[in-house]
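The values are calculated or read from the model by the stated rules, or taken from the named source; none is laboratory data. The model shown is predicted, which means the values in this text are computed figures rather than measured ones. Note that each Cβ is placed from the backbone with ideal geometry, even for glycine, and that neighbours are counted across all protein chains shown. To get the accessible areas, we keep the full protein, side chains included, count just its heavy atoms, and leave off ligands, DNA and RNA. Shrake-Rupley method; radii C 1.70, N 1.55, O 1.52, S 1.80 Å.
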Amino acid sequence: IFDMDHTEATYAAAEWLHERYARVVVMTPRDTIASATAMVTRQAILRRLHQKHISIMTVSEPTGDVVNKQLRYINVYNGDAGMIENVEFFAYATPRIPNDELAGPLRAAGVAVHVVGDALNARGLMAAIAEGHTAGNEL
């Protein structure tokens, strides 16, 4: 899994894949995984993945598609190259984007729109709840 999402869903997918494949690798260009989660959640994710021997490759990114069951990657800081052999499945956990598709049509219809939560910026549940609470108090 090439992890550009850094949320619980990606690591739940890694655990699910672990039940189906002999080896699972989570690769990220960041220096750690689960950086979009709360500290205690990150610790739990790291513990579970390590207990299951799911490999975590940091500061790395793929350089292309899987060819002949091989995935080439590079270190994002020094350019060192490597390869993962016997790749059966490759997933790309894309960065999340705001889900604000209703804001434009509502504004066009003359409705006052207060964008909060995932409509403002895709992130964790607690941030969305706090923003919604603040917006509700302001109204």
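I'd like the orientation of helix 8-18 relative to the chain: the angle between its Cα long axis and the longest Cα principal axis, in ° from 0 to 90, rounded to 10.
30 degrees
Residues in the stretch 41-63 near a label at F90, defined as backbone nitrogen under 12 Å from the 7 Å Cα→Cβ point?
61-63
Before anything else, pin down the relative contact order of the chain: Cα pairs under 8 Å, at least 6 apart, normalised by residue count, whole percent.
Values: 199 pairs, mean separation 29.6, N = 139.
Value for the chain: 21 percent.
With axes computed from alpha carbons, what is the tilt in degrees of helix 39-51 against the longest principal axis of the chain, rounded to the nearest 10 within 0 to 90?
Tilt of helix 39-51: around 30 degrees.
Taking amide H positions as placed in the peptide plane 1.01 Å from N, state which residues far from Q70 in sequence (5 or more) or on other chains have amide H under 5 Å from it.
HN-HN under 5 Å from Q70: V87.
Whenever you get a sec, compute what percent of the accessible area on the chain sits on carbon and sulfur atoms (1.4 Å probe). Don't skip to the end; give the middle numbers.
Working: 4900 of 8940 Å².
The C+S portion of the solvent-accessible surface of the chain is 55 percent.
Calculate how steeply helix 125-138 sits against the longest principal axis of the alpha-carbon atoms of the chain, using the helix alpha-carbon long axis, and give the answer as 0 to 90 degrees to the nearest 10.
10 degrees
Sequence-distant or interchain residues sharing an amide H contact under 5 Å with A91, placed H: which?
Amide H neighbours of A91: F2.
To the nearest 20 Debye, how big is the dipole of the chain about its Cα centre, given +1 on the beta carbon of each Lys and Arg and -1 on that of each Asp and Glu? Spell out each step's value before the answer.
Working: 12 positive and 16 negative charges, 67 e Å.
Using only the charged Cβ atoms, the result is roughly 320 debye.
For the chain, what is the accessible area per residue in Å², given a 1.4 Å probe and the full set of protein chains?
Details: 8940 Å² over 139 residues.
With all protein chains present, the chain gives 64 Å² per residue.
Out of A36, A12, A112, any idea which swings most in a Gaussian network model of the chain, alpha carbons joined below 10 Å?
Among A36, A12, A112, the largest mean-square fluctuation in the Gaussian network model of the chain belongs to A112.
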